[in-house]
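Have a look at the structure below before the remarks.
The values are calculated or read from the model by the stated rules, or taken from the named source; none is laboratory data. Here the structure is a predicted model, which is why all the values come from computation and not from measurement. Cβ sites come from the backbone with ideal geometry, for glycine too, and all protein chains shown count toward neighbours. Heads up: the accessible areas ignore ligands, DNA and RNA and are worked out on the full protein's heavy atoms, side chains in. Shrake-Rupley method; radii C 1.70, N 1.55, O 1.52, S 1.80 Å.
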Amino acid sequence: MRSTGVPAREAGWKQVPALARFVGARMLPLAVFLVLVVGSSAPLASLVLGRRALDERARATAGEVAGWIRGEVQQRPGLWRYDTAKVVGHLRAYAVGEDVDTIVVVDDRGTPLELGGEIERARLLVAPLRWAAADVFVGAERVGAVWVAVSEQRIRRDALLLLLLFGTLGVGLAALMFGIPLRAAGAAELRIRDLVARLERSRSELEALNRDLEARVEARSGELRRTYERLRGQERHLRELSGHALALQEQERRSIARDLHDSVGQALTAIRLHLQLIGERSTDGELARIADRSLRLVDEALEEIRRTVQNLGPAILDDVGLVEALRRYCDDFAERTGIPVHHRVDEPAEPVPGGIESACYRILQEALTNVARHAAPSAVEVRFEAPAERIRLSVRDDGRGFDPRRGESEGHGLAGIRERVELLGGTLSIESGPDAGCTLRVELPRPTGRVPGPARDAGAYDDGT
């Protein structure tokens, strides 16, 4: 039966929740310690205090007996030890009804007096005795000694009763201290297990929601990617349309310039020749003066048409190409305004489409015009480069500068440059400040498709009119 009972107890202990087993294993030594402390503290204290009281009683009794014998010795110096009946009668008052177990009286030679069995009780084997002694002196002479033994039986009995009482109390306290945390730990573990199960269910639900969310995000991302690709395609298409629009605008401007040059310019030239002939052949002085004034008006009109034709359609692009046109314009600007222009214009890595050429030329025109009108610089630097992917143009001056955030509203003419750059999908940056000069940088992408430019074989014309 014992061999089957131990595994049964072990199986029952294993059925206790793990947290409760852990707490029980940690609390068991403390519970045992509590039983030992509570159960033994009061009995030990009672035993120690009782022994001290017995020792005091024994010493007091020995002192009293020694005092009585001292009086007897003084009265009967040689006979006191022979009157045993009187000694026994006196000692019986100390021995009967007290814890005093044995009283032994010895003389100065250490010989015990024969006091009889009433005083020398035979309880020596029943309980341990505690002895106390007192010497009997008469003057300075030691005439004997008294030995008193007291029994520990009563205090041991009281200590055993206290041990039983406080042991029971200690066991009860230990059971409470052991059982309450054990029960609380078991309940807590059950609660924790329930929470863990709920967390597992929540995690499973979250994983399912996460998978569903990932699927939705993936689907939404696919839609966004497709939308983004459509927007990029629309942006590319818009840029191509913008390039076509600019190219058509340049073609229209050149067509207008060509018409002005071929029709109005030729007509004004013919009128000028006729006026010149009238002035040369007229004999009327008044008529000659009118012809001369008319000739000057015609010259001014021709000059205005020449400038208009130049602004409408830069024929120099058709004649010498973009690089040389930019260099010549920088030189013409320096000669016309007196502002030194240091230019570095690199040959492009690949041919620049006609629409981009016109845009670069127009941007340089507008930028240098703004410099001449507003900057009052001592010098200007122009940089142009056209590698394989990007076309870059920068104009920097050391003039008075301005606030770029207010430049367009103050008439610096940057709005036209910005619109032209944005239509071609490029970027415009302006760095400036009061008395800090200005740097204008333009980057234009090379179009993936062909951006048509003005037809260079449509008949170039001379802008000299």
Requested in this report: For V309, indicate whether it is at negative phi, modelled with pLDDT under 80 and more than 54 Å from the chain's Cα centre (by Cα).
Outcome: yes
Query raised in the report: Is one or more of the residues making up region 305-318 among the β-branched types (V, I, T) and in contact with a strand residue (DSSP E or B) (Cβ under 7 Å, 6 or more places away or on another chain)?
Result: no
Report task. Identify, from the list A388, A359, A376, the residue that is exposed (fewer than 13 other Cβ atoms within 10 Å of the Cβ) and either of a type in the set (F, W, Y) or under 51 Å from the mean Cα position of the chain (by Cα) (or both). Result -> A388
Query raised in the report: Could you count how many residues in region 393-430 are modelled with pLDDT of 80 or more, in a loop (DSSP other than H, G, I, E, B) and open to solvent by 30 Å² or more (accessible area, probe 1.4 Å)?
Result: 2
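Considering D331, D435, which residue is open to solvent by 50 Å² or more (accessible area, probe 1.4 Å) and in contact with a Gly (Cβ under 7 Å, 6 or more places away or on another chain)?
Values: D331 fails: in contact with a Gly (Cβ under 7 Å, 6 or more places away or on another chain).
Exactly one of D331, D435 is open to solvent by 50 Å² or more (accessible area, probe 1.4 Å) and in contact with a Gly (Cβ under 7 Å, 6 or more places away or on another chain), namely D435.
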Requested in this report: Kindly list the number of the only condition in (1) at pLDDT below 90; (2) closer than 18 Å to R446 by Cα; (3) open to solvent by 20 Å² or more (accessible area, probe 1.4 Å) that fails for D299.
Outcome: (2)
Query - Of all residues in region 137-153 being surrounded by 23 or more Cβ atoms within 10 Å (Cβ to Cβ) and among the β-branched types (V, I, T), the one that is nearest to W68 (Cα to Cα) - result: V146
Requested in this report: Filter region 41-54 down to the residues that are under 15 Å from F166 (Cβ atoms) and surrounded by 17 or more Cβ atoms within 10 Å (Cβ to Cβ), then identify the one that is nearest to the chain's Cα centre (by Cα).
Outcome: A42
Report summary line: Residue pairs qualifying under the 8 Å Cβ cut-off, at least six apart or on distinct chains, with the first in region 331-357 being more than 18 Å from D318 (Cβ to Cβ) and the second being among the polar types (S, T, N, Q), are I339/S378; P340/S378
Query raised in the report: Out of (1) aliphatic (A, V, I, L, M); (2) open to solvent by 40 Å² or more (accessible area, probe 1.4 Å); (3) at pLDDT 75 or above, the odd one out for M1 is which?
Result: (3)
**Report entry** Tally of residues being out of contact with any Gly (no Cβ under 7 Å at 6 or more places or on another chain) and closer than 15 Å to E443 by Cα across region 347-385
**Finding:** 14
Query raised in the report: If you go through region 135-170 one residue at a time, how many are modelled with pLDDT under 80 and acidic (D, E)?
Result: 1
Query raised in the report: Would you call L241 at pLDDT below 80 and either touching a Phe, Trp or Tyr at 6+ places or on another chain (Cβ under 8 Å) or farther than 30 Å from F22 by Cα (or both)?
Result: yes
